[in-house]
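Input: a single structure, listed below in structure tokens.
Values in this text are rule-based calculations from the coordinates and carry no lab data. Just so it is clear, the structure is predicted and the values come from calculations on it, not from any experiment. Using ideal geometry, Cβ is built from the backbone for each residue, glycine included, and neighbour counts are taken over all protein chains shown.
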Amino acid sequence: MDKIIIHGGRPLTGTVEVSGAKNAALPLMAATLLTPGWHTLHNVPDLRDTRTMLRVLETLGAVWQRQGGTVRIDTSGLTGAEAPYELVKTMRASVLVLGPLLGRCGYARVSLPGGCAIGARPINYHLRGFGSLGVTTTLARGYVEARAGSRLRGATIYFDKPSVTGTENVLMAAVTAEGTTVIKNAAREPEVGNLVDMLIGMGAEIEGRDSDRLVVHGVDSLVPAEATIIPDRIETGTYLIAVGATGGRVTITGCMPSHLPSLTEKLHAAGVTVEQEDNAFTVSCPQRSGRSECPLVSVDITTLPYPGFPTDLQAQFMALMVLGNGVSIIHETIFENRFMHVAELQRMGADITIDGASAIVRGVSRDRLCGAPVMATDLRASASLVIAGLAASGETEISRIYHLERGYEKMVEKLRRLGADIRRVRE
């Protein structure tokens, strides 16, 4: 098993290009199941999760080709409608094949999902939505078995809370349903909009893109699509925060600044300079040797559905607030178990107290943050430990980095090009 070794204390400088968004690529890959033929997806990141999704599609009978960031998928030879536990247990997003399989075949059997250990994340919203469309679901021996007696029928579906994967799954099932489907309190994340664009390109009729009310007029048939994955806003935000923690000046290219309104506001409030163009950020912050030179200001955050502060950037922002001048309160409202990185940050000298769904972060001076052996517990916790290691003095050793490889393409190489002393080694 590999690990990452970081010698911290170096400012980051230079230019880094953002990869395609994992959380957009996965539902678009699943959507290829809706209709037979060759689909072409551009800007697909090469990650553990995208490779897993390709394996899931293979088990269903799809074939694929990859050249650089372009992946072509042919779903003409669909041979089954079952996604096995061996694959689904490693990636929760595998459940996204339920919707398109129901839309095309009227039947699906998918293992209950796994992935990061950041809370229960039940799929009850998905199942209720399918039920409204006329699908009968049963849970047995760790599998969801969903079956429609005839063609799915449109319905009005209300989510108690916005669910990204729930919205995406129901949306894919509804595009070929008979009649009109209205999804209320739908997720508004840019990744959902990316899926809407692809489905419209396939011939779907959808109104309300980027709103919390999606109206789907079912169509009789679809055609193969060509689509481009949007830039990864979470990767973008991770590099923005990293420069705030280490100091330096970095231009982040190939991104969409409009997708990170809440983060840029909080970084400005914290004393980090962020300039934005149409497809780039330039972030800068003088390197600090202690708290007296250009101190970071402690600010509070509360994670919320888009366009609120992303839960997927909470851990990274906490690593920044460890160096803040004052006290920061970080309130997590999305996942109930997303503070597992706190114990590892404490090992490095962070002063953090957990109080229910909130973390109270008392900033420490840079000389108090020291490298240490730490262990990644989930994808975004891994990124927070990388940021802390880049800012800390001494050596940080991060184990279980397979979590990091689920969502960040070539992170070590990109950081090395920015001047970080970071390397990957085999244990």
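The fraction of all Cα pairs in segment 22-228 landing in successive 5 Å bins from 0 to the largest distance is 1, 8, 18, 22, 23, 17, 9, 2, 0, given as whole percents. If you take every residue apart from I234 with its C-beta less than 11 Å away from the C-beta of I234, what net charge results, scoring Lys and Arg +1 and Asp and Glu -1? Here the charged neighbours net out to -2.
Among R417, R104, R233, the residue with the largest mean-square fluctuation in a Gaussian network model of the chain, with springs joining Cα atoms closer than 10 Å, is R417. Across the options A62, I123, L98, the greatest Cα extent toward the positive end of the charge dipole of segment 44-147 (unit charges at beta carbon of Lys, Arg, Asp, Glu) belongs to I123.
What the phi angles of segment 89-99 give under the Karplus curve with 6.51, -1.76 and 1.60, with θ = phi - 60°, is a coupling list of 4, 8, 7, 4, 5, 4, 5, 5, 6, 4, x Hz, glycine and proline written as x. As a proxy for reagent exposure, S211, S284, S365 were ordered by neighbouring Cβ count within 10 angstrom, fewest first; the result is S211, S365, S284. Here the Karplus relation 6.51 cos²θ - 1.76 cosθ + 1.60, evaluated at θ = phi - 60°, turns the backbone of segment 227-236 into coupling constants of 9, 10, 6, 5, x, 7, 6, 6, 4, 4 Hz, with x for every Gly and Pro. By other beta-carbon atoms within 10 Å, ranking K414, K22, K161, K266 with the fewest at the front produces K161, K414, K266, K22. Sites listed here are GluC sites (Glu not before Pro) in segment 252-350 whose DSSP assignment is loop and whose Cβ has at most 12 other Cβ atoms within 10 Å: E277, E293. Using the Cβ of E58 as centre and a radius below 14 Å, the other residues enclosed give a net charge of +1, where K and R count +1 and D and E count -1. Among S150, S76, S298, S393, sorting on how many other beta-carbon atoms sit within 10 Å of each Cβ, with the fewest leading, yields S150, S76, S393, S298.
For the chain, the convex hull spanned by the alpha carbon atoms encloses 123 Å³ per residue.
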